[in-house]
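Working notes for the structure below.
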């Protein structure tokens, strides 16, 4: 399959995905380096802040998805591997993400302090939603086997791996000793 759309459109979508990912990575890196002036998690989770973070996340995922569709199986990976590994990662990832949203709520997912969650999925990972989002992106990368989608997938995964690091000091500030004990007992990712 491959090139069903003009290369200019692919370049635009690639640029949008990379810019969104770079912007979010810069916010997270700044927040790690300068926790006193952090941008994520926000000091105050206003609707504008939530909208910005959700818009960036949606842009990254959408760019990866659209490029994957436009450049379907350019890498010519075997169908059995693509559908047998990629699709289950996407399905399981979505189940875990939405279960995590259900457990901690949309407010906490959007950067509000709503209480420390340590049971359910959070017994095994401090960040099951990020792990599941990473699984979704990896699954889509395998399923779509898109050359054009790879850079957006890589930056998206980088964002999802750095985000928990940016949140840790905020979690400690908000939940104190409870979070320190939890952090010492449960892994960051898996």
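Bear in mind these aren't lab numbers, they're just calculated from the coordinates by the rules spelled out. Note that the structure is a prediction, hence the values are computed from the model and not measured. Note: ideal-geometry Cβ built from the backbone for every residue, glycine included; neighbour counts use all protein chains shown.
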Could you give the length gained on full extension between residue 33 and residue 92, defined as 0.36 nm per residue of separation minus the Cα-Cα distance, in nm?
17.9 nm
Between helix 150-185 and the chain, what is the angle of the helix's C-alpha long axis to the longest principal axis, kept within 0 to 90° and rounded to the nearest 10?
10
Using a Gaussian network model of the chain whose springs link C-alpha atoms within less than 10 Å, name the residue from 106, 70, 24 with the highest mean-square fluctuation.
106
The relative contact order of the chain, taking Cα pairs under 8 Å that sit 6 or more residues apart, comes to a percentage of 32
Please compute the modelled spin-label separation between residue 55 and residue 15, points set 7 Å along Cα→Cβ, answer in nm with one decimal.
1.8
Report, in degrees rounded to the nearest 10, the 0 to 90 angle that the Cα long axis of helix 7-33 makes with the longest principal axis of the chain.
20
Which value in deg cm²/dmol, rounded to the nearest 500, describes the helix-derived mean residue ellipticity at 222 nm for the chain, given -39,500 (n - 2.57) per DSSP H run of n ≥ 4 and division by the residue count?
-23500 deg cm²/dmol
Provide the gained length on full extension for the span residue 8 to residue 118, in nm with one decimal, where the gain is 0.36 nm per separating residue minus the Cα-Cα distance.
34.9 nm
Subtracting the Cα-Cα distance from 0.36 nm times the residue separation, let me have the gained length for residue 174 to residue 147 in nm, one decimal.
5.5 nm
Least to most buried among 57, 46, 62 (fewest other Cβ within 10 Å first):
46, 62, 57
For the chain, alpha-carbon Rg relative to the globular expectation (2.2 N^0.38 Å, N residues)
1.08
Report Rg(Cα)/(2.2 N^0.38 Å) for the range 20-123, keeping two decimals.
1.33
How many angstrom lie between the Cα centre of the range 40-73 and the Cα centre of the range 98-114?
17
With angles folded into 0 to 90 degrees, how steeply does helix 87-109 sit against the dominant principal axis of the chain? Use alpha carbons for both and round to 10.
30
